1. So for the stretch 35-136, averaging the separation of alpha carbon pairs under 8 Å that are six or more residues apart and normalising by length, what relative contact order in percent results?
2. How many nm is it between the label spots at residue 102 and residue 37, if each spot is 7 Å from the Cα in line with the beta carbon?
3. Can you compute the modelled spin-label distance between residue 58 and residue 124, with each label point 7 Å from Cα toward Cβ, in nm?
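Coordinate-derived values only; no laboratory data. Note that the structure is a prediction, hence the values are computed from the model and not measured. All Cβ positions, even for glycine, are placed from backbone atoms using ideal geometry, and neighbour counts span all protein chains on display.
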């Protein structure tokens, strides 16, 4: 009886290890897209002072790896701008000092959530108005939607 249980255990272990091997090989990437760390973001522009309470007015998706895409109208340019600062929104060059904006208080919150080169991104910033938002983010195409 003891020998039978041992044989059953060994047989089960061999079968399970074979199943695990075949399952693992089936999940290996088969295309070149598996070679790239994901870079996909949801970008939003909202009226208000925080992402928790602001009303989202516009939102797009932006995918940058392996190729630029998503619903962003200028995905190639936006991906290029993010590449230049390695996905660090705080490093975007500000043009606010060279831009004339009104002092109107109409708060706008820009936000980006997702992954950049495999790293989680959760960024947001609030600006006095839309003009200051565009200028503070370098006047580029990332939030031009």
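1. Across the stretch 35-136, relative contact order equals 32 percent.
2. My value for the distance between the label points is 4.3 nm.
3. The two pseudo-label positions are separated by 1.9 nm.
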